[in-house]
Amino acid sequence: MGEKEIIALLLARDEKGVEELLTHFSPLMRYIIAPILPSEQDREECLFEAAMKVWEKIEQYSAERGTWKSWLTALTRNTALNYLRRSKSAADGGDISPATPSPEPTPEELLLRQERQAALKEALCHLSVNDRLIFYRKYYYRQSAAQIAAELGLTERAVEGRLYRMKKRLRDALGGENHE
């Protein structure tokens, strides 16, 4: 069964869509989750949470805005990061004092973040395709240098060297400031 059929089942709210999603795309989803969550149990729970997010948010998918796999990997990655944050919060006690400031950014902080993201996106466009691939694997998908090296046929040292030079170029392009 192809992705179009799976999307159609999900849009029709047919539970077979979730089964087919997990049958065909769980290896990709596990690949995205693995570098973020160290525990096998957490990975499995997160996989099913991500599948439920797909079920809940399938109407938000638009082929005009990007490919199915891009949407699925972004949703899976964000689900894993949120799972990790919740796990850390629960491990820290999870109690929030009334004096604790809101974690939500202010409008000014949101605007600054958007500007920094736009500047970073522009700077990334000036990197070679291979360097962008390494950058995204390391900082977006949180893969280790060893994993990147193994999958791209490079040495770990070569990957680390390229990352070092990329960070230096990006820092220079972004004005030497500490950008997120």
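The values are calculated or read from the model by the stated rules, or taken from the named source; none is laboratory data. If you're wondering where the values come from, they're calculated on a predicted model, not measured in any experiment. Neighbour counts are summed over all protein chains in view; Cβ atoms, including those assigned to glycine, are modelled from backbone coordinates with ideal geometry. These accessible areas exclude ligands, DNA and RNA; they are computed on the full protein's heavy atoms, side chains included. Shrake-Rupley method; radii C 1.70, N 1.55, O 1.52, S 1.80 Å.
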key: Extension reserve of the Ala118-Ser87 stretch, reckoned as 0.36 nm per residue once the Cα distance is removed   = 8.1 nm
key: Candidate lysines for bridging to Lys16, where Cα separation is under 27 Å - those fewer than 8 sequence places away on the same chain excluded   = Lys4, Lys53, Lys57, Lys69
task = Determine ³J(HN,Hα), in whole Hz, for all residues of region 141-154 in sequence, where each value follows from phi through the Karplus function 6.51 cos²θ - 1.76 cosθ + 1.60 and θ = phi - 60°; x replaces Gly and Pro.
result = 8, 6, 7, 6, 4, 5, 5, 4, 4, 4, 7, 9, x, 10
key: Separation of alpha-carbon centers, region 1-49 and region 124-148, rounded to whole Å   = 24 Å
message = Sorted from largest to smallest, which semi-axis lengths in Å does the alpha carbon gyration tensor of the chain give for its equivalent ellipsoid, taking the root of 5 times each eigenvalue?
response = 29, 24, 19
ask   = What is the dipole size for the chain, taken about its Cα centre, with +1 at each Lys and Arg Cβ and -1 at each Asp and Glu Cβ, in debye to the nearest 20?
value = 840 debye
ask   = aspartates and glutamates near Lys168 by alpha-carbon distance under 12 Å, same-chain residues fewer than 8 away left out - which ones?
value = Glu177
message = I'd like the FRET efficiency for Thr155 and Phe48, computed as 1/(1 + (r/R0)^6) with the beta carbon distance as r and R0 of 30 Å, rounded to 0.05.
response = 0.25
query = Per the 1.4 Å probe, what fraction of the accessible area of the chain, in percent, lies on carbon and sulfur atoms?
reply = 53 percent
query = With the other protein chains left in place, how much accessible area per residue, in square angstrom, belongs to the chain at a 1.4 angstrom probe?
reply = 65 Å²
